[in-house]
Every structure is written in structure tokens, then in C-alpha cells.
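Structure record follows, encoded as C-alpha cells.
The values are calculated or read from the model by the stated rules, or taken from the named source; none is laboratory data. Everything numeric in this text was worked out from a predicted model, so none of it was measured. Please note: Cβ atoms are built from the backbone with ideal geometry, for glycine as well, and neighbour counts cover all protein chains shown.
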């Protein structure tokens, strides 16, 4: 045989099966383009100049890993559709005298050509759109960059290597299938239908129980830390349950439709329902895959968009005041005495006056902060004798009644063993507090959230603020507190009334001045500024949104391709059935009605179940967003609704296009 025989035969096979190959190659190219773009952005100079560049780079590298793993799994899945279609052709070649070695050469050239075409197209698209992606990401992060186009040779090589390995694995799998199949099995592979699967009621009930358990976890968890701990288990349970229910439940559903004679014995239902039952095992797995991908897209889009558009809300939650200063003693508690506090306060006010700031919404209080385990009303502080679990831990902030009254304008009074208490962000306040079993405090009432500051907002564990009648006497009554300098702190925060630039200048001068005096006074200072941290927060949440959109596009590619191949492969399987029905008098209009009945019966099941998953996941996702300081549920609800509406419209358009492809095959409108 001539040297060009096998490449020509491979190209001819791709051309003849272009209806199957073109979407496959486009999807490969799209995934390669997305992979290159993320790899390019990881080391982009514009990226490195952004605030939070390290966090962004880590997120993008994780994104490239997700795309690589998903591309490998998904391309294996879609290649199975191609092989199912091509086995008949390979079986014919084998019968005509072509050996398995010759078939392997054809497969090698088909894989090589597919890899070359998809990689060239994908890398070209990646280079073309990489600058646009960079501009979008920089804009989301409120940064600035030029418009010059650059190419990353390292990212090109990396992308080609990763997808080259994927195509090599696909080739080996295809060779395995041909090697261990006889000529007759290859020839009849496309016509080999499935036996009607048996509906397993126990398996279906197990799937429902698993799904119910996941839903129960999602709606009953109140603590964001617990939500973070249980989230991935709940996701795994939902995925497994979806596959079980779709495969086993769909069989039962088809049997139910067949048992309804008024439904089943109609021209537009008879053929479609019978066809569905005979391939429901594969059909159910495909529907479950579509459902899982749709759920992932909806969750990613709704959560990342709500985070980004709620950045200002999260910023105010994380930094309630424009500038906040925290002062702690270094070695001696006496360093945080009244004179030191007055001197630091005076320094802050003098610096603010120099910049024309008018401090407002002032926060001014002393505190003793401990990390403890909270079990009901029992507070067990950390010590050498007591180890505290992180997941069961709580930050307890003790502060003085005089500071509380001064800031709230109240004139509250407390007995020695009476306190006011407030639980920050989540959780309730018990009626009594017991400190290490040594002292019992009665909670007179729930306090106002007067000490709302960045530390409690940033903490991912609960924070309880306890107002005592005399802070010095209270702390002195506990040897552990009295001998531990680190519990003491003084907090001062205020809004400047300046614009963003003026606030940053004031903050810079304030930090510089406090640093000069801190060492001599035996104290340490820590300060935060809302204007400065705004850029970091936008960079972080902008990176989340960009990565969410990128992965959503990849998953949408996958869902569309699964839907398309599902319709095409089933169209070829049903072609003869509908051909027979046309010969006995079935019209094309009746064929169209039958197709609509079949597709509408199963096509919108994944979307409906995905919406159900999203509805039950809503409370858990809302708790997780609290860890990112997003407490505005309205933003999350609005973005979830918009994401769902947009996805539903897109899903319907895909349904229309793929149903037309199915109709063209079974009705004989287009013949290959």
C-alpha cells in the first residue's frame, strides 16, 4: 500500500462522519483554548501587577487542573460515541481483508489528524482570545493594563503536551476496543440494541434516600464552618443519587407510561416510549451527566456572580469603618494602661485633623479576647490542660460596661455576675455562661452589636462579645487570663469623611506615626483601611467570577455535546424503526409529534432535577458565602434567579437544534 493510503483513508472516514466529528473537534479545540488562556494568565505580567496576584495565580492554576482532568474524562466519554459509529466501518474493512494492524494504523492517523486539527484551532483561539480574557480579568479586579498582544511559548507547549497525552490515551483505548472485537461483532455493533433494563426498586429507593440525606444536610446546617465541612460530602451524595435515580427511576417511568394504555397506544407515543425503554440504561446515564453539569454551572455562576456584585456589601461587612486600629501590649499588661491609650488616641485624632478628616462612627473600647470551646453555656478556654477543637471553637471577647455605654448611648447597669452578650454572625446567646467551671455569669439580655469590627467579620468561627461590669476585676479573677498578656487589646475605629485617595494618604501617615511610637511604649499596633483593601477584595472576587465563567463555559460545551450525541446516536438507532412506520402509513407530521413526545418526556428532566438540586443547595451555599463576608441574601437570590433564567433559555435553544437533527435523521430528510 502507498505511504499516503492510511492518512487518506483516515481523512475520508472523518469526512464521511463529519456530523459526529465536527462537534467533537470543536469541543476539543474549545477546551484546549480555555486551558491555554488560564495557563497564559497564570504568568501574565498584567496579572502579577494586580493586588492579590498570588491568590489569583493559585486559583487559575487550580482551574487549569480542573479543565485537564475534566477534558480527559469527557473526551473519553464522547469518543465512545465516535467508536460506536465507526465500528461497523472497521468491521467491514476487517471482513474485506484488512488486518487488525491495518485498522490500528487507520485509528492512529484519525487520532493524529483529530489532535492536530483541534490543537491548532484551539491554540489559535487561545492566543486570539487570551488578551481579551486578560482585559476582562484585569477589569474585574479594577486594575489597569495595556492593549499589546503577547504569546506565551511555555503555555503553548504545556497545552499541547497535556492534550497530546489525552489523545494518546484515547488512541490506546480505541486500539483496545478494536483489538479484542471480532469482525462480526464490529460489523453488528451499531445494530446491537440493549436488552430492556430491569427496574430495581431497591436501588431506586436507595438513590432517593441518598438524595434525601444530602438535601437534609443542606437545609439543616446553620453554622458556616459545618457547611464547609459537609459541602463536598453532600455534593458527592447528590451526584451518586442523581445517576442512580436517572438510570433506575427512568426505567420505572417508562414502564409506567407503557402501562397507561390511553397514553401508550397513540402514534406519537408508541414508537418513542418503546425506543426509550430499550436504551434507558445508557439514556439515564446521559441524562444524569447533563443534570450534574447543569447543576455545576448554575451553582458556579450564581455563587461567583453574587460574590462579585456583592463586593461592596462584603467590604462594608469586613471593614465596617474606614480605618481601624488595634493596639496590644508586647510583654507587660501595664503598657496598655489609661495613659498609653489616651496618647495613642490623641496621636490618631491629631493625624486625622492634619488631613482634614472628621472622625465619625467612632469605635473605642478595651477588650480581652480568648479562644475557647463553647458547649451550650460552658466556655472552656485553651490551655495546656484543655485542648480546643477548631470546628467547635469560638472567639470570646470580654469588654467593659463603661465602654459599651459610651458607644451605644445607653445607661445599662450590671451586677458583678451579670453580663450582656452578643453572638456575631450566627448562633444564639445562652441564658448562662460558665467560665472553665470556676464562675457562672447570668446573661441579663442580648447586647447590641456595638463592637462590630473587621476582626470578627473576618473570622470564620463564631465570635461572642460579653460585656462585664468591670473588665479589670473580671480578668483579674482568672489566673489564666491575668498571666496571659496576649488577651488584652484596645480598638479604635472611625470613618474619615475623606475620598478614597485622601483616606489612603491619612492611613499611610497614621501607620508611619504609630510605628515610631509603638516600640518605645511597649505596644504593637495593627491597622486596616477599607480603601486600600477594596482593590484586594475586588481582585479576589473578580478572580472567582472569571474562573466560574471559564469553567461554566467548559461544562456547557460538555453538556451540549452530550445532548447532541445523544440525539444523533439515538436518531441512527431509531432510523429503521421510523422507516418501517412510514411504510405502514406514518406521516412526517406524526413523526414530528412522536419525536417531540419523546424529547419532551426526558429532555427537560435533567433541567428540572438540576433546579431542584439548586433549590435545596441554596441554604448551604448561602452559609458558605458568609465565610466571604457576603451576608446579603438578596444579591444571591437575584443572581441565582437570573442565572437560572438565562440557562433555561439556552437549554431550550439546544433542545430545538438537537431535536431538528434527530428529526432529519429518522425522517430521512438528510441522508449521509
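Overview of values
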item	result
Out of 360, 372, sole residue that is in contact with a strand residue (DSSP E or B) (Cβ under 7 Å, 6 or more places away or on another chain), loosely packed, with under 15 Cβ neighbours inside 10 Å and more than 22 Å from residue 516 (Cβ to Cβ)	360
Some residue of region 8-29 being within 30 Å of residue 146 (Cβ to Cβ) and modelled with pLDDT of 80 or more	yes
Filter pass, residue 539 being touching a strand residue (DSSP E or B) at 6+ places or on another chain (Cβ under 9 Å) and either over 25 Å from residue 348 (Cα atoms) or modelled with pLDDT under 85 (or both)	no
Some residue of region 30-52 being closer than 15 Å to residue 167 by Cα, without any contact (Cβ under 8 Å) to a residue 12 or more places away in the chain and surrounded by fewer than 19 Cβ atoms within 10 Å (Cβ to Cβ)	no
Test result for residue 553, surrounded by fewer than 20 Cβ atoms within 10 Å (Cβ to Cβ), touching a strand residue (DSSP E or B) at 6+ places or on another chain (Cβ under 9 Å), assigned to a helix (DSSP H, G or I) and touching a residue at least 12 places away in the same chain (Cβ under 8 Å)	no
Single residue of region 394-407 satisfying the filter (touching a helix residue (DSSP H, G or I) at 6+ places or on another chain (Cβ under 9 Å) and assigned to a strand (DSSP E or B)) that is modelled with the lowest pLDDT	395
One residue from 118, 99, 114 being over 15 Å from residue 174 (Cα atoms) and buried (at least 19 other Cβ atoms within 10 Å of the Cβ)	118
Residue match in region 367-380 (condition: part of a loop (DSSP other than H, G, I, E, B) and either within 38 Å of the chain's Cα centre (by Cα) or assigned by TED's automatic domain parsing to the domain that holds residue 522 (or both))	yes
